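In what follows, a structure is listed as structure tokens, so that the remarks can point back to it.
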Amino acid sequence: MEEILTICPITALAFIDNTDYLLVGEAYNVSLYCTNSKSKLFEKRLLDSHNIHGFLEQKELILAYGGKELVLFKLNDSSIEQQQRIEVTDWIKNCSFINDLDYLYVATAHNFVEIWEFTSQNQYKLKKIVKYEDNCILYSAKLFGSSVNDVVLLAGTVYNKVLIWPVEYEQSVIENSLRVLENHDGVIFSINVKGKWISTVSDDRSIRLWKCPKEDKNFEDFTIEDWLGNDIACIHTLYGHGSRVWDCIFLTNKFVSIGEDGICCIWDYNGKLIKQLKSHKGRNIWSLSAKNDNLIATGGNDSSVRLWSLNSIDQGEDNKPAILHTKLEKYFPRSLSYLDARSVIVTTDEGKLMFYHKGDSRPLFEDDAFKSYSVLCTDSSNGIVIVGNIKGEIIVIYGKDNIRKKIFNSKIYSLTMISSDEEECLFIANGDEGKMIMYRLEITSNLSLVELHNFILPKCKQRWITCGCLNISAETGLKSLICGDRSGSIHVYDLNCTDLSPSKSYHKVHGRVGVTFISYFSNYDSIISCGRDGSYKFWNLDPINYLVLMKECFYDEHLIVFNVKTSEILLKVLCGGGHRAWDIDFTLDENGRPTYGPVEIIFIKNRSVLRCKTDLKKLQYILKKPNYCSKIEAIKYCFTWRMGDISNHYCVTAGEENFINVLKIAENRDNSFSYEICEVLQGHLSNIRCLSVLRESDSSCLLISGGGRAQMKIYKIEFSYKMNNVITRDLLSIKVNDDSNSSNPETRIMDIDSIYLSDVKSCGYKFSDKESVLLTAACSDGLLRLFVYNMETNEIKQLNTVTLENCLMKAFFVNTSNDFLAGCGTANGQVIIYSLQELLANYTDDYEDESVALEDLITAQVHENGITAIFVKYLDDGILLITGSDSGFIDCSLLKTSNDCCRTLKTLCKWGGHNSSVTSVTYSMENIISASIDQRIRSWSFERKNKNTWEYHSQDCKYIPIADVSSSATWISDNYSLAALAGCGCTVIKSKLF
């Protein structure tokens, strides 16, 4: 078994001697990046069976440590030259070279220090072990000293104290500490020392700075007598993190902290919080390193590495807005918009249209008909202003020309600019009862208004549009209007026909509170939309996701400019919330898209027009792309798309993040492998526990997902040759306990299995099409639920339910020529199997739930603990049911079915395969493959010795760096098998078939 890909949290970072080279520790692998060229130079496995947790550099020698293992190496021509591998007796907390390279001190988790001496053979040899009398558990440690006689250990203990004790070379046991630092209310997670400062960070969410009492010495120069004779005072107790703090490092004029909340905080030495940097996906920044005082690197739980330029950090925490113009204060502003980069249009409650330009303001017009109510839209490229009123009138202003026209008998609900060029612009006026009129405003010689189309908006609570755009198909040249309404729906109108109603509608795709933005992207022949539900969608007939460069959003009382690609907050302005009138003016690139540079925001607050002017600065660069930020609960293989000699394997993963990732594993021409999250499927309200995939073709599949709040969703995934990517469709979402008698509001779907009805081999009725899918769901409320999903009508119907006493952990189907069964594994170790013969034989489209009771065929106590994994393997003389349990045991049982209804489940073999819960079992290459929380994947041969005896043998065992493995997926590619294992990260293992 060969590990070809690993996606894990970044647990160690180190700049090499303040150069442009950065060492990255991911699992047991070390990578070298050049921060100047932003490139990865190489990657190599360094440790055997532990994750790397730290680097230490001394001259040309580099040390990497983790667990009970450390490796000494040198960098040579962008490769690693390993010098020595050392196994120690306890978990390593810190290392330090003393007297140049003469001694290597290693502090361990049980408060003792191993001293290794450099020998004439250019190797380190264990010289002695120095123990502290109090053999307590350490969560952190820091070793340093100017000589062998002055080495001290700052030991962060489990009882909230830092013990400072001398590591005396001539003694084996140290009875007394030199000093104790007390103040924290939680365990100490990290200790750092630089110059006159000591930092300690803790479980109590605080950072404490301790200052050197001697003016003429730094802590690194202290002798043992200095520690005894001087008190060390806590100067600052700082709170800037919302969760536990993991580390803190010192720079010349600042210090930097990271924590569980995924935030990197920049502080000055007066204790002032200068800036909070939040960009890593999810929680936990695990590692931190700095190059000089200009650049820091952070490594997160999302497996990304980000570089931050401290020179670009603004000293201000928020951007404070100012009143746009004092003359506007006497008016009551209603709406506003930028007319160009320097001009602002404001409508007031007094019926005025105010024009602000370069510090001066004047009214463009004043009319009582526009008092109390008006709607506004502008075309900034041509300098056009359109205002509508409550009487159904509009006024169009273009320079000194204007047009006034009554277009409705009642008020105008909205005005929406659709498109514009140098000669004309198109806009839509929305009246009562969903009436919409599209106008063309010609601006060549004489200003003229031409009515083009009439439309009717489908009925909804707030029946008007909020945004829209014109779409011209690149293939057919046909025009269509795409608009979003106030109720969160998107509608498509065909401009080549006279039909008033939309040709297609997507109801509530942005929730219930409205679509805020729609735009056409000609480069992709696609549409992007944003909504008040906090989501953005990319559309190509059917919605798929796409990452735009920037978007504006509101959180609480702030307007936030957010870079979606980097997950970085670029700008945060206190404005009062997204319900108020506002507009933003970005610096645009050559393609007319927002980019970094000056930005200006205007909004209405407290009856005043306020303006904020600032710069969007690029604070960071993503050196390694983010992937998963939370535990993965399920992984499934979808299909493989081959183009020449390149194979792309597509899998889906889901877990605590509430969304599903489509993972592309690319097999490159040089036989290397790479990965990319190419799609994200949203829609789940809670965490996702299980996935099921049904292949439709070599390039498409049906995906069923289930999880918290009893929610089940169905998606379609297919590869698009045109886009060279997968496209997805969100088909259906239901709550499976809506019609049940379950009283548990927190019902979770624990497992799902699925099959096309056309693939059912028995039951006396042959389903000839693939339009219907049979689903079974094992739920935490003790119900096994059966559904039929019709793909043509996109409807799902519950067929039957079975009520049991325990939480159901696993669900499965058994499909043979003479029987069709549904089964489940329970939390008390039972396997229960039901016959679906009669149920499916009587199935029709108007079938009513519970009309046929399921026949309980087999109830077998297979394990003493809960069943956590099940795999069904079809043999010539029966069905092999492979199960794994919470206790680490694997059971292989033979299920026999026959026409005379004599059905049995007999255990063939049972063994303790792992030291903890078995979370995945599968059958591949004539072997059983099992994975467990003990971070081991094992291969077992299982074969018949004689008619009644079966034997198992361990074939292979491999350590994997993924903690809490919860799921696996296997598939065959050419002449080898691939296995993807997921938990707190993901790894892919390759095995030869022959």
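The values are calculated or read from the model by the stated rules, or taken from the named source; none is laboratory data. As the structure is a computational prediction, the values presented were derived from the model and not from experiment. Cβ coordinates were reconstructed from backbone atoms using ideal geometry, including for glycine residues, and neighbour counts include every protein chain displayed. Heavy atoms of the whole protein, side chains included, go into the accessibility calculation; ligands, DNA and RNA do not. Shrake-Rupley method; radii C 1.70, N 1.55, O 1.52, S 1.80 Å.
Take the Cα coordinates of region 329-456, assign each an equal point scatterer, and use the Debye formula without solvent to give log10 I(q)/I(0) at q = 0.15, 0.16, 0.17, 0.21 Å⁻¹.
Treating every Cα as an identical point scatterer, log10 I(q)/I(0) equals -0.66, -0.76, -0.86, -1.28.
Any idea how far apart Lys406 and Ile677 come out in nm if each label point goes 7 Å out from Cα toward Cβ?
It works out to 5.7 nm between the two label points.
With a 1.4 Å probe and all protein chains left in place, how much of the accessible area of the chain comes from carbon and sulfur atoms, in whole percent? Spell out each step's value before the answer.
Values: 18250 of 42190 Å².
Ligands and nucleic acids excluded, carbon and sulfur give 43 percent.
What are the GluC sites (Glu not before Pro) within region 58-98 that DSSP puts in a loop, where the Cβ has at most 16 other Cβ atoms within 10 Å? Before the final figure, lay out each step's value.
Details: sites: Glu60, Glu69, Glu81, Glu87; in loops: Glu60.
Answer in residue order: Glu60.
Subtract the Cα-Cα distance of Arg709 and Lys125 from 0.36 nm times their separation in residues, and report this length gain in nm to one decimal. List each step's numbers first, then the result.
On the way: separation 584, 0.36 × 584 = 210.24 nm, distance 5.79 nm.
Result for the pair: 204.4 nm of gain on full extension.
Put +1 on the Cβ of every Lys and Arg and -1 on every Asp and Glu Cβ in the chain; which of Gly54, Trp641, Ile482 then has its Cα farthest towards the positive end of the dipole?
Ile482
Within 12 Å, Cβ to Cβ, of Ala654, how many net charges do the neighbouring residues add up to if Lys/Arg are +1 and Asp/Glu are -1?
Working: positive: Lys631, Lys636, Arg689, Lys713; negative: Glu633, Glu656, Glu657.
Overall, the nearby charge balance is +1.
Select one label from (i) -0.68, -0.88, -1.09; (ii) -0.95, -1.05, -1.16; (iii) -0.77, -0.96, -1.13: the one whose number is log10 I(q)/I(0) by the Debye sum over Cα atoms at q = 0.07, 0.08, 0.09 Å⁻¹ as derived from the coordinates shown.
(iii)
Please identify every one of the GluC sites (Glu not before Pro) in region 768-807 that sits in a loop by DSSP and has no more than 14 other beta carbons within 10 Å of its own beta carbon. Could you put the intermediate results ahead of the total?
Details: sites: Glu771, Glu792, Glu795, Glu805; in loops: Glu771, Glu792, Glu805.
Hits after loop and neighbour filter: Glu771, Glu792, Glu805.
Would you calculate a helix-derived [θ] at 222 nm for the chain, using -39,500 (n - 2.57) for each DSSP H run of n ≥ 4 and dividing by the full residue count, to the nearest 500?
0 deg cm²/dmol
For the residue pair Lys194 and Val564, what label-to-label distance in nm results when each label sits 7 Å from Cα along the Cα-to-beta-carbon direction?
3.7
What is the list of residues in region 166-194 whose amide nitrogen lies under 12 Å from a point 7 angstrom out from the Cα of Asp134, following Cα to Cβ?
From region 166-194, the list is 175-183.
For Asp247, what charge total do you get from the other residues with a beta carbon under 12 Å from its beta carbon, if Lys and Arg give +1 and Asp and Glu give -1? Provide the component values of the computation, followed by the final result.
Numbers: positive: Lys142, Arg244; negative: Glu260.
Neighbour charge sum, excluding Asp247 itself: +1.
For region 879-885, just list the computed ³J(HN,Hα) in residue order, Karplus coefficients 6.51, -1.76 and 1.60, θ = phi - 60°, integers in Hz, with x standing in for Gly and Pro.
Karplus values, whole Hz, x for Gly and Pro: 10, 8, 9, 9, 10, x, 10.
Which whole-Hz couplings ³J(HN,Hα) result when phi for each residue of region 110-124 is put into the Karplus expression 6.51 cos²θ - 1.76 cosθ + 1.60, θ = phi - 60°, listed in order with x for Gly and Pro?
In residue order, the calculated couplings are 10, 6, 9, 10, 8, 10, 10, 10, 6, 9, 5, 7, 6, 10, 8 Hz.
Would you kindly state how much longer the chain becomes between Asn18 and Arg580 on full extension, computed as 0.36 nm times their sequence separation minus their alpha carbon distance, in nm to one decimal? The partial results should precede the final answer.
On the way: separation 562, 0.36 × 562 = 202.32 nm, distance 4.84 nm.
Separation in residues times 0.36 nm, less the Cα-Cα distance, equals 197.5 nm.
Just grab the label-to-label distance for Glu771 and Cys957, each label 7 Å out from Cα along the Cβ direction, in nm (one decimal).
5.4
Based on the alpha carbons, how large is the Rg to Rh ratio for region 75-224 when Rh follows Kirkwood?
Details: Rg = 16.0 Å, Rh = 16.2 Å.
So for region 75-224, dividing Rg by the Kirkwood Rh gives 0.99.
Protein chains only, probe 1.4 Å: how do Ser780, Ser381 rank by accessible area, largest first?
Values: Ser780 20, Ser381 85 Å².
Descending order: Ser381, Ser780.
Which trypsin sites (Lys or Arg not before Pro) from region 650-759 combine a DSSP loop assignment with at most 15 other Cβ atoms within 10 Å? Write out the running numbers ahead of the final one.
Numbers: sites: Lys664, Arg669, Arg689, Arg695, Arg709, Lys713, Lys716, Lys722, Arg729, Lys735, Arg748; in loops: Arg669, Lys722, Arg748.
Answer by residue number: Arg669, Lys722.
Rank Phe538, Phe55 by accessible area, highest first, at a 1.4 Å probe radius? Walk me through the intermediate numbers first.
Numbers: Phe538 5, Phe55 35 Å².
Ranked from most to least accessible, the order is Phe55, Phe538.
With Rg and the Kirkwood Rh both taken from Cα atoms, where does Rg over Rh land for region 1-86? Walk me through the numbers before you get to the answer.
Values: Rg = 12.2 Å, Rh = 13.0 Å.
That ratio equals 0.94.
So, with +1 on the Cβ of K and R and -1 on the Cβ of D and E, and no other charges, what is the size of the charge dipole of region 868-993 about its Cα centre, to the nearest 20 debye? Mind showing how you got there, number by number?
On the way: 13 positive and 12 negative charges, 36 e Å.
Taking the Cα centre of region 868-993 as origin, the dipole is about 180 debye.
Under a point-charge model restricted to the Cβ atoms of Lys and Arg (+1) and Asp and Glu (-1), what is the dipole moment magnitude of the chain relative to its Cα centre, in debye to the nearest 20?
It works out to roughly 1680 debye.
So what does Asp589 come to for accessible area, using a 1.4 Å probe and Å² rounded to 10?
Result for Asp589: roughly 50 Å² accessible.
With a 1.4 Å probe and every protein chain left in place, work out the accessible area per residue of the chain in Å², rounded to a whole number. Don't jump to the answer; show the numbers that get you there.
Working: 42190 Å² over 994 residues.
Averaged over the residues of the chain, the accessible area is 42 Å².
What does the charge count around Ile80 come to, taking other residues whose C-beta lies under 13 Å from its C-beta (Lys +1, Arg +1, Asp -1, Glu -1)?
0
Keeping all protein chains in place and using 1.4 angstrom, which order do Ile115, Ile323 fall into by accessible surface area, from largest down? Spell out each step's value before the answer.
Numbers: Ile115 0, Ile323 80 Å².
So, going from the largest accessible area down, we get Ile323, Ile115.
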